[in-house]
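Below: the structure, in structure tokens.
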Amino acid sequence: MIENLSNNSERSKKIAPGQLVSGIFCGNLADRYGRKQTLIMSALACGLITLASAFVNTWQEFLPLRILTGFFDNIGYMASVAYAVEILGPSKREWSNYISFAFGIGFFLSSPIAYFLGNWRHTMVVLSLFYFVQIPLEGFTAKSSSRYFEKVVDR
């Protein structure tokens, strides 16, 4: 049983192996399929996997789900940084670093959420909701300039 999983840092550091693998092998997914599609896929996968991890009972079930969360979360992070750099253009590229700040705020907020909820299963459900909220918001983002360029080149 993993009922003693009350330490938020224990949950958080389980995602690192997945982040390592996705960083090495999946950096070109957003280039191939588009930034928005990659961000939506990443948020959906992370939301579903995080939600599923709230219902497991053993470490053998929990650990692979956390590694998969890290895998898809890092894919979304890489796509969002590339998207921000493209949208902002060369003169404002330093502002794209605020995406890292936003991810940091998410990690920062996960600790108070875990503290106030008190149950790691409830924490995982609430954290999964943040991913699901992101999906409809992607509809309001503009397409990146690389997609427009590809359409011109293909003609």
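Just so you know, all these numbers are worked out from the coordinates, no wet-lab data involved. Please read these numbers as outputs of a predicted model, since none were measured by experiment. Every residue, glycine among them, receives a Cβ derived from its backbone with ideal geometry; neighbour counts consider all protein chains shown.
For the reader, a short list of remarks on this structure follows.
- Meeting the requirement of 3 or more residues that are within 21 Å of GLY139 (Cα to Cα), the helices (runs of 4 or more DSSP H) wholly within the range 6-125 are 29-33, 35-53, 59-88, 98-117.
- Checked against the criterion of being crowded, with 21+ Cβ neighbours inside 10 Å and basic (Lys, Arg), the candidates ARG93, ARG32, ARG66 yield just one match: ARG66.
- Annotation: of all residues in the range 56-81 being aliphatic (A, V, I, L, M) and within 17 Å of GLN134 (Cα to Cα), the one that is farthest from the chain's Cα centre (by Cα) is VAL81.
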